[in-house]
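Visitor: Attaching a single structure in structure tokens format; questions to follow.
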Amino acid sequence: MIVAVGIDVVLVERFVRALERTPLLTDRLFTVAEQTTASGNPRPAESLAARFAAKEAVAKALGAPTGLHWHDCEIVTDPDGRPWLTTSGTVASAAAERGVDRWHLSLSHDGGIASAMVVAERDTPTS
């Protein structure tokens, strides 16, 4: 059963300027795993922007509660390159309060725009 949907769009150029203006922002927004590819290379700006959009989409799906920590929502990649969303701490707690058991994630970037859509789902309907 779908609990909520969240979507976000990020202008890559604007996102890159924000990262350049605030050098510590990358570490504040992303875990080390999110910042690098499977081969250990720095992740491209378009990919980071899509991951940021995913975190924003998760917050929107949860109703944008205060107190969510950026690192408590992590976008990881499986060996086939498919992105997955994992939650912990503040984000996992907010999701549990809303009955979210599972997340579905889609990322995209093209033409200077990065986007993400998430679907929050619960296994069983509430009575």
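Visitor: Would you please put 88-101, 47-60 in order of how densely packed they are, using the mean number of other Cβ atoms within 10 angstrom per residue and starting with the highest? Show your work: numbers first, answer last.
Guide: Details: 88-101: 16.6, 47-60: 24.2.
Descending mean neighbour count gives 47-60, 88-101.
Visitor: Oh, and also: Per residue of the chain, what 222 nm ellipticity follows from adding -39500 (n - 2.57) for every DSSP H run with n ≥ 4, rounded to the nearest 500?
Guide: Working: 5 runs with 45 residues, N = 127.
Mean residue ellipticity, 222 nm, calculated: -10000 deg cm²/dmol.
Visitor: Which listed residue (Ala59, Val119, Thr86) has the Cα farthest towards the positive end of the charge dipole for the stretch 48-127, taking +1 on Lys and Arg C-beta and -1 on Asp and Glu C-beta about the Cα centre?
Guide: Going by the charge dipole, the pick is Ala59.
Visitor: Let me ask something else. Positive end of the charge dipole of the chain (Lys, Arg +1 and Asp, Glu -1 on Cβ, about the Cα centre): tell me which of Ile75, Gly6, Leu25 has its Cα farthest that way.
Guide: Towards the positive end, the residue furthest out is Leu25.
Visitor: Below 8 Å between Cα atoms, with a sequence gap of 6+, how large is the relative contact order for the stretch 1-56 in percent? List each step's numbers first, then the result.
Guide: Numbers: 33 pairs, mean separation 28.0, N = 56.
Rounded, it is 50 percent for the stretch 1-56.
Visitor: Below 8 Å between Cα atoms, with a sequence gap of 6+, how large is the relative contact order for the chain in percent? Kindly include the intermediate steps, with their values, before the conclusion.
Guide: On the way: 228 pairs, mean separation 47.5, N = 127.
Reported relative contact order: 37 percent.
Visitor: Provide, for q = 0.10, 0.12, 0.14, 0.15 Å⁻¹, the log10 of I(q)/I(0) from a solvent-free Debye sum over equal Cα point scatterers in the stretch 24-107.
Guide: Computed log10 I(q)/I(0) values: -0.23, -0.33, -0.45, -0.52.
Visitor: If you don't mind, another one. When the Cα centres of the stretch 5-29 and the stretch 56-127 are compared, how far apart do they sit, in Å?
Guide: So the separation of the two Cα centres works out to 17 Å.
Visitor: Oh, and also: Helix 12-21 against the longest principal axis of the chain: what's the angle in degrees, Cα atoms only, rounded to the nearest 10?
Guide: Relative to the chain, helix 12-21 is tipped by roughly 70 degrees.
Visitor: Spin-label point model (7 Å from Cα, Cβ direction): what's the Thr36 to Ala92 distance in nm?
Guide: Placing both labels 7 Å along Cα→Cβ, they lie 2.3 nm apart.
Visitor: In degrees between 0 and 90, to the nearest 10, how far off the longest principal axis of the chain does helix 45-61 point, with axes built from Cα atoms?
Guide: 20
Visitor: Take the solvent-accessible surface of the protein heavy atoms, probe 1.4 Å, and return the percent of it on the chain that carbon and sulfur atoms account for. Provide the component values of the computation, followed by the final result.
Guide: Numbers: 3970 of 7260 Å².
So the carbon and sulfur contribution to the accessible surface is 55 percent.
Visitor: Using +1 on the beta carbon of Lys and Arg, -1 on that of Asp and Glu, and nothing else charged, what's the dipole of the chain about the Cα centre, debye to 20? Could you put the intermediate results ahead of the total?
Guide: Details: 12 positive and 16 negative charges, 53 e Å.
Value, rounded to 20: 260 debye.
The values are calculated or read from the model by the stated rules, or taken from the named source; none is laboratory data. Source: prediction; values computed, not measured. Reconstructed Cβ throughout: ideal geometry from the backbone, glycine too, with neighbour counts over all protein chains shown. To get the accessible areas, we keep the full protein, side chains included, count just its heavy atoms, and leave off ligands, DNA and RNA. Shrake-Rupley method; radii C 1.70, N 1.55, O 1.52, S 1.80 Å.
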